[in-house]
Amino acid sequence: MAPKDRTTSAHDTIDSGVRDARRAEVDVEVLVVGAGFSGLAMGHALRRVGVTSFRILEKAQDVGGTWRENTYPGAACDVPSHLYSFSFAPDPGWSRSYSPQPEILAYLRETARQQDLLAHVVFGAEVIEARFDEARGAWSVVSRDTQTGASTTTTSRSLVLGNGALHIPSIPRFEGAETFAGPQFHSARWDHAVDLRGKRVAVIGTGASAIQFVPAIQPDVAHLSVFQRTAPWVVPKRDFAFSPTTKAILKSVPALQRAYRAFIYGVNEAQAYGFVYEPRLMKLLGKLAIQHMHREIAHPVLRKKLTPTFVMGCKRVLLSNDWYRALRQPNVDVVTHAIDRIETNGVRTRDGVLHEVDAILYGTGFSVAEYLSSMRIHGRGGVELNERWQKRPEVHLGISVSGFPNLFLLMGPATGLGHNSMIFMIEAQARYAAQCVRRIEDHGLRMLDVKPEAQAAFTREVQERMKRTVWASGCASWYQAGDGESVTALWPGFTFEYWARTRKPDFSQFVAT
């Protein structure tokens, strides 16, 4: 989708200890946190601009990020795979239009191998702290060996956070949860040793994960109690298998695969008009979604429970062909009364009813607004990033933070999407960050720090544009910041606009030291 960056010649390649004496001041030029889609995209982007002295710190023992962590039954992507993949690593062999988790993980592993990125990855290294040294113009990054617990400090000129937002499970605190006698776990920490067959199971939450694993486990459990706080908007998923002939054609005609990817992108991108510029369109789409639900659900009481009470699109729109089918089965109850507490043998709701269960599964999503809380990032003057962002995160283009020189975020605030592929956004951000890194190297800079006024202007622009979007229509969602009001997670526009704005950094908006 995006044009290729220039490929530097051998004499332009930057490597540690080669270009000038100050290289000896750091262990590696660039440290990247995380080896999921973001980290691998960053590694590729660095290589494309000629930066080879980089290291990727990964807390686990494998690449994959959220697709390594989420192994629950039914896990799959809700963006078509020919678009939810790297533009520089197309795969004509996807089995389905929406591929399952094992296939996506296998794709990431193969991409890391083909792009020769595994040699740059340090596995089992969990970053816990990073501190910028203004005098040296370098980051000191402390990582912990997840096997031994030993700490290691690595210095780098630049630091890239590619750890993503979907890695800290959000589990509500319920009174008595610790007294429950059976197993309980979050969807992102699925315990495959627990056999749910013939068990009475409680599912708390009806978000993007639950909508996938509930239909997967429903046929095998004795009874399923689905505790729903807010009914989600659900639309059919155009999922189909690719025939061997189709895959062979796509493999033999790369231009056709690129055209198919572009077609999917265009179809998805068109949806931004309703989300961002004309939210009234979402009411029409909402009527179509309700008609779909009524076709699937005949019982009037269940229909009422499953009817959303907010504007379509304000929260994440979910895709499924079997969610409603699962909920209408005789061994499933949808519980809309709020949970009062958890007891030894079940979940008690505020209407006084005890729902006896043998296991509790949490499909309650992730702490997106606190995605950096597992590490402490100290910028100029010792200011800590999480503390700076307590009320509302402020960034420039979702990538740079004033007061935190040589730091670049991937999938940062104001870059999330509700309609298209995040891989498109990630590649745009990685290309931008790589050019900044190259600027630091080419000009021998100690610090490249975005100006406060540039950051403030971008924040004002995003918040002003956000006011007319469907995401600001009044519902509570994980799109919002800690203040519970500002929608800070999403990009309020078309993705091609973001791509254009990040194609080349405007270095007049930075202070270069």
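The values are calculated or read from the model by the stated rules, or taken from the named source; none is laboratory data. Everything quoted here is computed from the prediction, not taken from an experiment. Neighbour counts run over all protein chains shown; Cβ positions are idealised from the backbone, glycine included.
Looking at region 334-381, which of its residues are in a strand (DSSP E or B) and closer than 30 Å to S402 by Cα? Listed by number, the residues that qualify are F366, R376, I377, H378. Mind checking whether some residue in region 100-111 is without any contact (Cβ under 8 Å) to a residue 60 or more places away in the chain, assigned to a strand (DSSP E or B) and within 30 Å of R325 (Cα to Cα)? There is at least one residue in region 100-111 that is without any contact (Cβ under 8 Å) to a residue 60 or more places away in the chain, assigned to a strand (DSSP E or B) and within 30 Å of R325 (Cα to Cα).
Residue check: R438 meets all listed conditions (1) in a helix (DSSP H, G or I); (2) surrounded by fewer than 19 Cβ atoms within 10 Å (Cβ to Cβ); (3) touching a residue at least 12 places away in the same chain (Cβ under 8 Å); (4) of a type in the set (K, R) but one, namely (2). Taking each residue of region 51-77 that is under 12 Å from F123 (Cα atoms) and looking for partners that are among the acidic types (D, E) with beta-carbon atoms closer than 6 Å, six or more apart or interchain, yields K59/E126.
Residues to consider are A326, A298; find the one that is over 30 Å from T488 (Cα atoms), among the small types (G, A, S) and assigned to a loop (DSSP other than H, G, I, E, B). Give the derivation first.
Working: A326 fails: assigned to a loop (DSSP other than H, G, I, E, B).
Every option except A298 fails the conditions.
Any chance you could count how many residues in region 174-224 are on the phi > 0 side of the Ramachandran plot and touching a residue at least 60 places away in the same chain (Cβ under 8 Å)? Steps first, please.
Keep residues of region 174-224 that are on the phi > 0 side of the Ramachandran plot, which gives 176, 198, 205.
Okay, now just the ones that are also touching a residue at least 60 places away in the same chain (Cβ under 8 Å), so 176, 205.
Result for region 174-224: 2.
Take region 382-413 and flag every residue that is farther than 28 Å from D442 by Cα, touching a strand residue (DSSP E or B) at 6+ places or on another chain (Cβ under 8 Å) and either in contact (Cβ under 8 Å) with a residue 60 or more places away in the chain or assigned to a strand (DSSP E or B) (or both). The answer is E384, and nothing else.
Kindly indicate the residue of region 178-206 that is assigned to a loop (DSSP other than H, G, I, E, B) and in contact with a Pro (Cβ under 7 Å, 6 or more places away or on another chain) and also surrounded by the fewest Cβ atoms within 10 Å (Cβ to Cβ) among those meeting that condition. Walk me through it before giving the result.
Within region 178-206, the subset assigned to a loop (DSSP other than H, G, I, E, B) is 180-183, 190-199, 205-206.
Still in the list and also in contact with a Pro (Cβ under 7 Å, 6 or more places away or on another chain): 191, 194, 206.
Numbers: D191: 13, V194: 15, T206: 24.
The qualifying residue surrounded by the fewest Cβ atoms within 10 Å (Cβ to Cβ) is D191.
Being surrounded by fewer than 19 Cβ atoms within 10 Å (Cβ to Cβ) and within 22 Å of the chain's Cα centre (by Cα) is a condition met by at least one residue of region 351-369. The single condition from (1) at pLDDT below 95; (2) in contact with a helix residue (DSSP H, G or I) (Cβ under 7 Å, 6 or more places away or on another chain) that G207 fails is (2).
Filtering region 144-173 to residues that are more than 22 Å from the chain's Cα centre (by Cα) and either in a strand (DSSP E or B) or in contact (Cβ under 8 Å) with a residue 12 or more places away in the chain (or both) leaves R144, D145, T146, Q147, S151, T152, T153, T154, T155, S156, R157, S158. Would it be correct to say that E453 is within 21 Å of the chain's Cα centre (by Cα), surrounded by fewer than 24 Cβ atoms within 10 Å (Cβ to Cβ), more than 19 Å from V32 (Cβ to Cβ) and acidic (D, E)? So E453 fails the test.
In this structure, is P279 exposed (fewer than 12 other Cβ atoms within 10 Å of the Cβ), over 23 Å from the mean Cα position of the chain (by Cα) and not hydrophobic (A, V, I, L, M, F, W, C)? Don't jump to the end; show me each part of the working.
Working: exposed (fewer than 12 other Cβ atoms within 10 Å of the Cβ): no; over 23 Å from the mean Cα position of the chain (by Cα): yes; not hydrophobic (A, V, I, L, M, F, W, C): yes.
The answer is no for P279.
Within the bounds of region 494-513, is there any residue that is touching a His at 6+ places or on another chain (Cβ under 9 Å), among the aliphatic types (A, V, I, L, M) and surrounded by fewer than 18 Cβ atoms within 10 Å (Cβ to Cβ)? Checking region 494-513: at least one residue is touching a His at 6+ places or on another chain (Cβ under 9 Å), among the aliphatic types (A, V, I, L, M) and surrounded by fewer than 18 Cβ atoms within 10 Å (Cβ to Cβ). Across region 283-316, the qualifying residues are those that are under 18 Å from V214 (Cβ atoms) and modelled with pLDDT under 95, and the one among them that is surrounded by the most Cβ atoms within 10 Å (Cβ to Cβ) is K315.
Give the residues of region 214-241 that are in a helix (DSSP H, G or I) and in contact with a helix residue (DSSP H, G or I) (Cβ under 6 Å, 6 or more places away or on another chain), sorted by residue number.
Looking only at region 214-241, we keep the residues that are in a helix (DSSP H, G or I), and these are 214-217.
Matches in region 214-241: V214, P215.
A residue that is modelled with pLDDT of 95 or more, surrounded by 13 or more Cβ atoms within 10 Å (Cβ to Cβ) and assigned to a loop (DSSP other than H, G, I, E, B) cannot be found anywhere in region 258-275.
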